[in-house]
Amino acid sequence: MAKPINPYLVLALAIVLPGAGHVAVRDAMRGLIFAFFVVFFSVLTYATTTPEQSFIGRHAGGLFVWALSIPDAYRRARVRAAMAPKA
């Protein structure tokens, strides 16, 4: 069994790119689903807001899902690190 990845590295990856933290902890399908919904809700809120809104306002849906994925990836990395056999 491979050594689990450092949870802080997973946290950094999740902050930089949606779904990357999940991919790092070998949960690629969950990461791809999060990435899909980040894009989906970002496009949805972009299409339903007015041009006067800020960038954050126009992409709020996607940014919200991204913000939810960050602690999820970190928590999964912490659980895997805690459950790994000690050497």
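In table form, for the structure just shown:
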item	result
The stretch 3-57 - residue that is crowded, with 16+ Cβ neighbours inside 10 Å and among the polar types (S, T, N, Q) and, of those, farthest from A73 (Cα to Cα)	T45
Some residue of the stretch 69-87 being loosely packed, with under 15 Cβ neighbours inside 10 Å and touching a helix residue (DSSP H, G or I) at 6+ places or on another chain (Cβ under 7 Å)	no
Subset of the stretch 1-58 [β-branched (V, I, T), in contact with a helix residue (DSSP H, G or I) (Cβ under 7 Å, 6 or more places away or on another chain) and in a helix (DSSP H, G or I)]	V10, I15, V23, V38, V39, T45, I56
Filter pass, D72 being among the charged types (D, E, K, R) and within 9 Å of the chain's Cα centre (by Cα)	yes
Within the stretch 59-69, tally of residues that are part of a helix (DSSP H, G or I) and more than 13 Å from R30 (Cβ to Cβ)	7
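Computed from the coordinates by the stated procedures, all read-outs in this text should not be read as laboratory data. Note that the structure is predicted; figures quoted are calculated from it, not measured. Neighbour counts are summed over all protein chains in view; Cβ atoms, including those assigned to glycine, are modelled from backbone coordinates with ideal geometry.
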